[in-house]
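Down below is the structure, laid out as structure tokens.
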Amino acid sequence: MRKVNFSGFTKRFRKQKGAVVQRKKKYANPVFEEWKKAAVEEIAGRKIVSLVVGRCIVSLVVVCVVFASFFLTGHYRKAGEESISQVLSLCNSTLNEYGNIVREIETYEKYANMRLKVPLYVQLSILTSSSKTGFFIDSVSFEQTSDIGSLRESFVVETGKNTDSVKIVGVWKLKGLLTGEADNRWVISFKDTVEGMFSLFGVRSYVSASLKGRDFEATVIVYES
Amino acid sequence: MKLPKLFELFEQTEEIDLWSIKPDIYIDLRPFPYGMTEQAYAYSFGEEVLVSSREELASKIEDRTKLGLVLANNMVSSKFFLVSDQDVHEVARSSFGADAAVDVFYAGDMGLERAYVVNAVDSASRRIIESQLPLSEPTVVRVLPASFAVSCFIRSLKETEGTYLIAECRPYEIYLYSCAIVEGTVVTLSSDVVKSGASDVLQEKIVFMNHKAVRFYRTDSILQVFVVADDNSVMPADDVSKAVSSALKGKVKVSVETLKEPFPSVKGAWLFEKS
């Protein structure tokens, strides 16, 4: 009969596949279900509470993560939109600026292409230097047209000439602000100075100016007779 | 989901590990002399071991007190199984029946076989145990055979090797346990009790237990004997030692040691619990 020394088994111990792995179990513990019921219920209750609390915490964390995601997404979206709006606004302003520059360049080009007896810059110099008190220009425009609109009658009355019988070089329209208080004498002076200056260059002019406080408007028709 | 349903679901899916619950008290359900009372037991809440009558014990524990029981080896069967191809649970079921509480502990591999400790309490023993307990609906979380508890106590004091015999001398009887250590686990090979005519019967039983260990379990013969006795023992420790030596005489040299301790089982159970 084979004899086995029990104490020697420690060295030869090996775990086989399928052998029951007992981690927490310390020994065989035969307890009837009814005996352990109260203790099991107690520990099960504790486990359930910890399970429920754990699930609640996990759910809370998930909800927090979802809300945080929504909040952060919204925040970043808003920030992105604002950033894009700023960029678009900047682009628009730049484009507008370029558009203005282009329009001005077109205007300048148009002015440069005008073949006038008195160059345009000379005409502008005459206009700006004709006020004794000086003024700030709000707007100034020049147009090569023979249509003088509502000024036709006053032109005829004051110059004694029909618009058809003269060659209208162009029409200047000025708006501005005088540097000091003035009255109709400024208007008369301005008209005389402009007409005198233009006559020096061999052209004539008709000036229609109005004054309201320090604001003035003037239309200067440059023509050749 | 409602909590009761959750609880049922939890019970179905989760197995509660009894080893995660520590007993509040260990009671040795073998009668101990206490005045004129017949039913008195030794017990301990983990520190000092006390003896009280069943009625006094009832006042010290509540329904919710988690009990650890140390039972005589004729109340809880502790067997050592070597299994090769079969399922140990099936073997245990067929050995003890469906109405018994059975638990299996894997001790280790022995060659091609797997070694298990199978402890069981049958329904008849259950009725006796419940009648001994001072509670109508006790909460029991641990059931240990006395042989295991006493072995744990001895192992905390002495080094054990191979197969050893324990003679636990108590006021009314002498318990005999032949045990061995398999992979650090105490296994009970056989147990017996001597109540009267101790000197003659004792030798016969020891011879038989030694024979059983060698023939049936194929282990070494008994090399160590521990006599655990007290002043109130049914037979003096020296006489028990002599009887043991005489029974095991003529084979190999057997060492016999005597330990003086009245409550080795309860102390051993707590030592095991705290280990």
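So for segment A:131-140 (the condition being loosely packed, with under 12 Cβ neighbours inside 10 Å and among the aromatic types (Phe, Trp, Tyr)), does at least one residue qualify?
Checked against the condition, which is being loosely packed, with under 12 Cβ neighbours inside 10 Å and among the aromatic types (Phe, Trp, Tyr), segment A:131-140 yields at least one hit.
Determine which member of the set A:Glu181, A:Glu217 is within 21 Å of A:Asp138 (Cα to Cα), of a type in the set (D, E, K, R), surrounded by fewer than 18 Cβ atoms within 10 Å (Cβ to Cβ) and modelled with pLDDT under 90.
Just a single option satisfies the conditions, and that option is A:Glu181.
Looking at (1) assigned to a helix (DSSP H, G or I); (2) free of Cβ contacts under 8 Å to residues at least 60 places away in the same chain; (3) polar (S, T, N, Q), find the lone condition where A:Gln123 falls short.
Among (1) assigned to a helix (DSSP H, G or I); (2) free of Cβ contacts under 8 Å to residues at least 60 places away in the same chain; (3) polar (S, T, N, Q), the lone unmet condition for A:Gln123 is (2).
Report every pair of residues separated by at least 6 positions or lying on different chains whose Cβ atoms are under 6 Å apart, first residue within segment A:192-211 and more than 17 Å from A:Lys161 (Cα to Cα), second polar (S, T, N, Q).
A:Thr193/A:Ser130; A:Val194/A:Ser130; A:Val194/A:Ser205; A:Phe198/A:Ser205
Could you please find all residues in segment B:155-175 being closer than 17 Å to B:His211 by Cα and buried (at least 24 other Cβ atoms within 10 Å of the Cβ)?
B:Thr163, B:Tyr164, B:Leu165, B:Ile166, B:Ala167
Taking B:Ser190, is it more than 12 Å from chain A (Cβ to nearest Cβ), hydroxyl-bearing (Ser, Thr, Tyr) and within 18 Å of B:Val227 (Cβ to Cβ)?
Yes, satisfied.
Listed here are the residues, each with its yes/no results for (1) loosely packed, with under 14 Cβ neighbours inside 10 Å; (2) among the aromatic types (Phe, Trp, Tyr); (3) at pLDDT below 90.
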| site | (1), (2), (3) |
| --- | --- |
| B:Ser196 | yes, no, yes |
| B:Leu202 | no, no, yes |
| B:Lys205 | no, no, yes |
| B:Leu223 | no, no, yes |
| B:Ala247 | no, no, yes |
| B:Pro264 | no, no, no |
| B:Trp270 | no, yes, no |
| B:Ser275 | yes, no, yes |
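For B:Val141, only one of the following conditions fails: (1) more than 10 Å from chain A (Cβ to nearest Cβ); (2) within 27 Å of B:His89 (Cα to Cα); (3) in contact with a Gly (Cβ under 7 Å, 6 or more places away or on another chain). What is its number?
(1)
Mind listing whichever residues of segment B:96-127 are at the interface with chain A (Cβ under 7 Å from one of its Cβ atoms) and either among the polar types (S, T, N, Q) or under 17 Å from B:Ser77 (Cβ atoms) (or both)?
B:Ala101, B:Val102, B:Asp103, B:Val104, B:Phe105, B:Val117, B:Val118, B:Asn119, B:Ala120, B:Val121, B:Arg126
The values are calculated or read from the model by the stated rules, or taken from the named source; none is laboratory data. Everything numeric here is computed off the predicted structure, so don't read it as measured data. Counting neighbours? That spans all protein chains shown, and the Cβs are built from the backbone with ideal geometry, glycine included.
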